[in-house]
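Have a look at the structure below, then the notes.
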Amino acid sequence: MLWRGRRQSDNIEDDRSDSGSGGGLGDGGQFRIPIGGRTGGGGSIILVILVVLAGWYFGFDPSQILGDGGGLLPGGGDQITDNSGSDNGSAPANDEMKQFVATVLADTEDTWTGIFKSQGLTYEDPKLVLFSGQVRSACGFASAAAGPFYCPGDRKVYLDMTFFQQLDQQFGASGEFARAYVVAHEVGHHVQNLTGIMSKFNQMRQGMSEVDANQLSVRIELQADCFAGVWAHYTGQKGILEQGDIESALNAAKQIGDDTLQKRMQGYVVPESFNHGTSQQRQTWLARGFKSGKLSDCNTMSGPI
């Protein structure tokens, strides 16, 4: 991705030096969800799956089972660690990565502003908060181990950039455009929030069984993937994508599919617990948005997915 020298967003809040203070992770109902498997046995792995179903998997406040936000995947790792020998979560070690994130965010701003304007709407830019270790949001406390998430209460995307290292080393999803996909997916949840999709989703899921709520959540997450693809479509038209970029994003979508993650965690899958979509589904909807660039092709709320 040819990102250097392009406009960077001013909507970046760098809280890395302030992260990790202000109380324990339990205050806001946010759970630290391991993915790496060092949880002390198979029973704990199952517990992790159940907690994932109940909370962070959607990027919401788990104390309410599901709030109004969204995330990229069901939790992070046991710990997101930096093997480079430097503090990967704080400035200035990540200055270039911060510039990259700011550039990607700026590009999403330009794209969605144009799309909204074409429909007679006004796009409101989200803020993107960089943190290290843990952070307090309007959705409660979150650990870096939970991965990136969007909180609709304050309309902010939260990202500990050490997740990018985990994406590469633990999930086998390397490449700059894989990282750009992470940001674009969370911005996709912001689009859902602005357009009222998220609010309608939360109304629909009230009173649903866990299985039915999971199925509905899959549709929400796949739509965020499709919206990320729409952004990638317009980014491609600007001539800043390089060979292998789309393949990099599609591989990332594959590596964080429900089935792939569950196989990695416990060796088998539980389809009724899926709430982000299978690897194939995530790749399909990301590719669909990229191919057409049309929001109308991202209607995951009806029909087969």
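Among the criteria (1) part of a helix (DSSP H, G or I); (2) modelled with pLDDT of 95 or more; (3) buried (at least 19 other Cβ atoms within 10 Å of the Cβ), the one residue 114 does not fulfil is (3). Return a yes/no flag: does region 267-278 have any residue that is of a type in the set (S, T, N, Q), part of a loop (DSSP other than H, G, I, E, B) and either in contact (Cβ under 8 Å) with a residue 12 or more places away in the chain or under 27 Å from residue 196 (Cβ atoms) (or both). Yes, region 267-278 contains at least one residue that is of a type in the set (S, T, N, Q), part of a loop (DSSP other than H, G, I, E, B) and either in contact (Cβ under 8 Å) with a residue 12 or more places away in the chain or under 27 Å from residue 196 (Cβ atoms) (or both). Being in contact with a helix residue (DSSP H, G or I) (Cβ under 7 Å, 6 or more places away or on another chain) and not β-branched (Val, Ile, Thr) holds for only one residue in 145, 213, and it is 213.
For (1) over 23 Å from residue 15 (Cα atoms); (2) surrounded by fewer than 18 Cβ atoms within 10 Å (Cβ to Cβ); (3) of a type in the set (S, T, N, Q), each residue gets a yes or a no:
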{"residue": "118", "(1), (2), (3)": "yes, yes, yes"}
{"residue": "123", "(1), (2), (3)": "yes, no, no"}
{"residue": "132", "(1), (2), (3)": "no, no, yes"}
{"residue": "136", "(1), (2), (3)": "no, no, no"}
{"residue": "139", "(1), (2), (3)": "no, no, no"}
{"residue": "142", "(1), (2), (3)": "no, no, no"}
{"residue": "155", "(1), (2), (3)": "no, yes, no"}
{"residue": "173", "(1), (2), (3)": "yes, no, no"}
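In the set (1) surrounded by fewer than 19 Cβ atoms within 10 Å (Cβ to Cβ); (2) touching a helix residue (DSSP H, G or I) at 6+ places or on another chain (Cβ under 8 Å); (3) at pLDDT below 95, residue 256 fails one condition alone, (1).
Exactly one residue out of 215, 281, 203 is farther than 30 Å from residue 4 by Cα, in a helix (DSSP H, G or I) and at pLDDT 95 or above: that is 281.
Mind checking whether some residue in region 155-163 is part of a loop (DSSP other than H, G, I, E, B), at pLDDT 90 or above and under 17 Å from the mean Cα position of the chain (by Cα)? Looking for residues that are part of a loop (DSSP other than H, G, I, E, B), at pLDDT 90 or above and under 17 Å from the mean Cα position of the chain (by Cα), one finds at least one in region 155-163, hence yes.
Taking residue 247, is it surrounded by fewer than 21 Cβ atoms within 10 Å (Cβ to Cβ) and closer than 20 Å to residue 232 by Cα? Yes. Whether a residue is acidic (Asp, Glu), part of a loop (DSSP other than H, G, I, E, B), modelled with pLDDT of 95 or more and more than 21 Å from residue 205 (Cβ to Cβ) was assessed, and residue 125 passes this test.
Is it fair to say residue 220 is more than 14 Å from the chain's Cα centre (by Cα), hydrophobic (A, V, I, L, M, F, W, C) and under 24 Å from residue 210 (Cα atoms)? It is false that residue 220 is more than 14 Å from the chain's Cα centre (by Cα), hydrophobic (A, V, I, L, M, F, W, C) and under 24 Å from residue 210 (Cα atoms). Considering only region 222-241, I want to know if a residue exists there that is touching a Ser or Thr at 6+ places or on another chain (Cβ under 7 Å), surrounded by fewer than 20 Cβ atoms within 10 Å (Cβ to Cβ) and among the hydroxyl-bearing types (Ser, Thr, Tyr). Scanning region 222-241, I find at least one residue that is touching a Ser or Thr at 6+ places or on another chain (Cβ under 7 Å), surrounded by fewer than 20 Cβ atoms within 10 Å (Cβ to Cβ) and among the hydroxyl-bearing types (Ser, Thr, Tyr), so the answer is yes.
Among residues of region 223-261 being touching a Phe, Trp or Tyr at 6+ places or on another chain (Cβ under 6 Å) and among the charged types (D, E, K, R), the one that is farthest from residue 295 (Cα to Cα) is 258.
Filtering 230, 218 for residues that are among the β-branched types (Val, Ile, Thr) and under 20 Å from residue 109 (Cα atoms) leaves a single hit, 230.
The values are calculated or read from the model by the stated rules, or taken from the named source; none is laboratory data. Here the structure is a predicted model, which means the values were calculated and not measured. When we count neighbours, we look across all protein chains shown, and the Cβ atoms used for this are built from the backbone with ideal geometry, even at glycine.
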